[in-house]
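Enquirer: Dropping a structure here in C-alpha cells format, bear with me for questions.
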C-alpha cells in the first residue's frame, strides 16, 4: 500500500508533462506601404480574423480534445488518489487502534505477570515457613529433653564400725526425649542444710565447674542419679527436724548442659527441697524461681 501511492503520483506527473504546448501562430503580413491617413481623410484600420487552414483547425481541435481528455484523466486520477488516501487513512487509524489495544493488553499482561510472580513468591515463602515449621516440629519431637526429678536422699547417721553418713540428696536426671543426649556435663551441683523457708534474698550459688569431669551420654528414657553430699555434719539433735523440714531442710541445686542429636546445645537448671515421710520415703518440691530448661 505504501509503495502504490508514490507510483500513482509519478504516473500523474508523467501524463501532465505529455500535454502539448499550443503553437504560437503569427499572422502573415503583407508588404508595408505608407497608408497613413491625414487630418482631412483619416485612415481606418479594420482587424480581420485570421483564417486558419483546415489542417490547422483540425489540429487545434485535436489538441483541445486531447487536453480535455487529459484533464478528465487527471480528475479521475485525483479522485482515485483521494479514495486511496481515505482508505489508507482508515487503515492507519485501524492499525493505530490495534496497536493501542496491543500496548494496553501487554500492560495488563505485565501487571498480571507481576501479580502472578508476587503470588508465587508469597506461596514460596509460605511453603518455606511450612517446611521450617515441620522441621522444627520434627526436631522438637525427636530431640532429647533432660529433666531433674525428686529421686531419693540419705539422712545423717552415726554408725558403729562403719563410716558415718552425712545428709545426701540423690535427685534423678531423666531423659524424657526420644533420642540420646550427648556431651552431658553436670556442670555444678550443691547440697546444703538451709532454713525452711529459706530467705527470699537467698542466692543459690553454684560452685565452680569441676574440670576433671568428662562428658557422658544419657539415652532416651533413661535415668541417672545426681548425688550431692552436704559439706558438714549437723548436730544429731537436729536430724529429725531436718528430715521433717521443720525449721531447716535439705536443699540441692545444680546445672546440667548437653547437646541433642541435631548438635543444638541445651541446659537444665534445678533446685529442690527434700524431706522424709513417715514411712521413711523421700518427698520434696521444686524451689520457686530456681528451675529452668530449654
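Enquirer: Sequence gap at least 6, Cα distance under 8 Å: using those rules, report the relative contact order of region 146-293 to the nearest whole percent. Provide the component values of the computation, followed by the final result.
Expert: Numbers: 337 pairs, mean separation 41.1, N = 148.
28 percent.
Enquirer: If you don't mind, there's one more thing I want to ask. I need the shape label for region 127-194. Rule: rounded when a/c is under 1.5, else prolate if a/b > b/c, else oblate, with a, b, c from the alpha carbon gyration tensor.
Expert: The shape class here is prolate.
Enquirer: Can you sort 285, 233, 167 so the residue with the fewest Cβ neighbours within 10 Å comes first? Mind dumping the intermediate values first?
Expert: Working: 285 11, 233 14, 167 27.
Starting with the residue having the fewest Cβ neighbours, the order is 285, 233, 167.
Enquirer: Ok, one more. Among rounded, prolate and oblate, which fits region 71-141 when a ≥ b ≥ c are the square roots of the eigenvalues of its C-alpha gyration tensor, a/c under 1.5 means rounded, and a/b larger than b/c means prolate? Intermediate values should be presented prior to the final figure.
Expert: On the way: a/c = 17.19, a/b = 12.20, b/c = 1.41.
It comes out prolate by the Cα gyration axes.
Enquirer: State, to one decimal in nm, how far the label point of residue 122 lies from the label point of residue 158, with both points 7 Å from Cα in the Cβ direction.
Expert: It is 8.1 nm.
Enquirer: In terms of the Cα gyration tensor, with a ≥ b ≥ c the square roots of its eigenvalues, is region 171-294 rounded because a/c is under 1.5, prolate because a/b exceeds b/c, or oblate?
Expert: Prolate is the answer for region 171-294, as a/c is 1.5 or above and a/b outweighs b/c.
Enquirer: Separate question: By counting other Cβ atoms within 10 Å of each Cβ, how are 173, 99, 194 ranked from fewest to most? Working shown, then result.
Expert: Working: 173 24, 99 10, 194 17.
Least to most surrounded, the residues fall as 99, 194, 173.
Enquirer: Taking 0.36 nm per intervening residue step and subtracting the Cα-Cα distance, what contour gain separates residue 74 from residue 95 on full extension?
Expert: Values: separation 21, 0.36 × 21 = 7.56 nm, distance 3.05 nm.
Full extension from residue 74 to residue 95 adds 4.5 nm.
Enquirer: For 236, 260, what's the fewest-to-most ordering of other Cβ within 10 Å of each Cβ? Write out the running numbers ahead of the final one.
Expert: Details: 236 10, 260 20.
Going from least to most buried by this count: 236, 260.
A short reminder: the numbers here are calculations on the coordinates, not readings from a lab. Predicted model only: the values in this text are computed from it and were never measured. Using ideal geometry, Cβ is built from the backbone for each residue, glycine included, and neighbour counts are taken over all protein chains shown.
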